[in-house]
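Participant: Below is a structure I'd like to ask you about.
All of the numbers you see were taken from the coordinates with simple rules; none came from a lab. The structure displayed is predicted, hence computed values, not measured ones. Here Cβ is always computed from backbone atoms with ideal geometry, including for glycine, and neighbour counts include all displayed protein chains.
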């Protein structure tokens, strides 16, 4: 199954037979105090820097979040998306928990966006899904509901089934426009967390053949050597059936890990992308 997103001039295809889709996570003020202050003051210059850094290291899409307390998130998100579209043709993942901000972002986006995200909570679904359908966007659906984050893979898969029934059955959004988040939790807090996520990924791939994404750095939170852990996790998750991740596209070792997995798992025939990326890196270094 292929999930297609596009900007005005570029198309990205997410699928199990495609290169792993790298969604750059950097345009987000969470944990970035100076960036948040600048956004509150209406200064979006750092956004352009974040775009350029992620594009240079190989992001296929850019996640854009403008969730700054005490700011007009809807206006900031719309302004940021318009600015980003002036500096890159990469498709955008519009990321907000505020319905009005999602609507503002979708209204100025030129292409088919990926919306981040909905849970399996009826109120949230009723607010977001009509908007997604109206704009012809794709949607990330998280495998948690009103009860919180399920502890087992079986519970997450059951929520995935409910999401399919609602998103596709009730709202008639094409199933290929659903991207499931199987939920990645930190292994530092639960030694079984990654195994549960991998089991969830494998089961969803087998039962629904849906594309999946997640927060690629969640598994390493609170631990040293995070980039090595993230790279290893994304490689094994890719083998299990994960087809994209919202991740730090500025970290060469993590991006290279995803490209290496593509080659080793038969998604980069004759190492075309692997060789091209290394030639580009050598040229940039010289």
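Participant: Pulled fully out, how much extra length does the chain show between residue 9 and residue 83, if you take 0.36 nm times their separation in residues and subtract their Cα-Cα distance?
Facilitator: That pair, residue 9 and residue 83, stretches by 25.1 nm at full extension.
Participant: For the stretch 1-132, what is the percent of antiparallel DSSP beta bridges, rounded to the nearest 5?
Facilitator: The answer is about 35 percent antiparallel.
Participant: Determine the gain in length on full extension of the stretch residue 195-residue 121; use 0.36 nm per residue of separation and subtract their C-alpha separation, reporting nm with one decimal. Let's see the in-between values first.
Facilitator: Values: separation 74, 0.36 × 74 = 26.64 nm, distance 2.53 nm.
Gain on stretching residue 195 to residue 121: 24.1 nm.
Participant: When the chain is treated as a GNM, springs tying every alpha-carbon pair under 10 Å, which of 231, 59, 34 comes out with the largest mean-square fluctuation?
Facilitator: 34
Participant: Using alpha-carbon pairs under 8 Å, 6+ residues apart, how would you state the relative contact order of the stretch 3-285 in percent?
Facilitator: 20
Participant: Right, another one. Considering only DSSP beta bridges whose two residues both sit in the chain, what percent are antiparallel, to the nearest 5?
Facilitator: Of the beta bridges lying entirely in the chain, close to 20 percent run antiparallel.
Participant: Looking at the chain as a GNM with Cα springs under 10 Å, which of 207, 82, 127 has the largest mean-square fluctuation?
Facilitator: In the Gaussian network model the winner is 207.
Participant: Turning to a different aspect of this structure: Taking 8 Å as the Cα distance limit and 6 or more residues as the minimum spacing, I'd like the relative contact order of the stretch 151-237 as a percentage.
Facilitator: 30
Participant: Related question: With a Förster radius of 22 Å, plug the Cβ-Cβ distance of residue 1 and residue 161 into 1/(1 + (r/R0)^6) and report the FRET value to the nearest 0.05.
Facilitator: 0.90
Participant: For the chain, what does the helix formula give at 222 nm: sum of -39500 (n - 2.57) over DSSP H segments with n ≥ 4, over the residue count, nearest 500 deg cm²/dmol?
Facilitator: -14500 deg cm²/dmol
Participant: Once you have the Cα-Cα distance between residue 45 and residue 226, take 0.36 nm times their residue separation minus that, and quote the gain in nm to one decimal.
Facilitator: Going from the current span to full extension adds 62.4 nm.
Participant: I need to check one value: relative contact order of the stretch 129-286, counting alpha carbon pairs closer than 8 Å and at least 6 residues apart, in percent.
Facilitator: 17
Participant: Only bridges with both residues in the stretch 85-219 count here: give the DSSP antiparallel percent, nearest 5.
Facilitator: The antiparallel proportion sits near 5 percent.
Participant: Whole angstrom only: what separates the Cα centroid of the stretch 43-78 from the Cα centroid of the stretch 118-175?
Facilitator: 25
Participant: Assign one of three labels to the stretch 1-144, namely rounded, prolate or oblate, based on the Cα gyration tensor with a ≥ b ≥ c the square roots of its eigenvalues; rounded applies when a/c is under 1.5, prolate when it is not and a/b is larger than b/c, and oblate otherwise.
Facilitator: Taking the square roots of the gyration eigenvalues as a ≥ b ≥ c, the stretch 1-144 is oblate.
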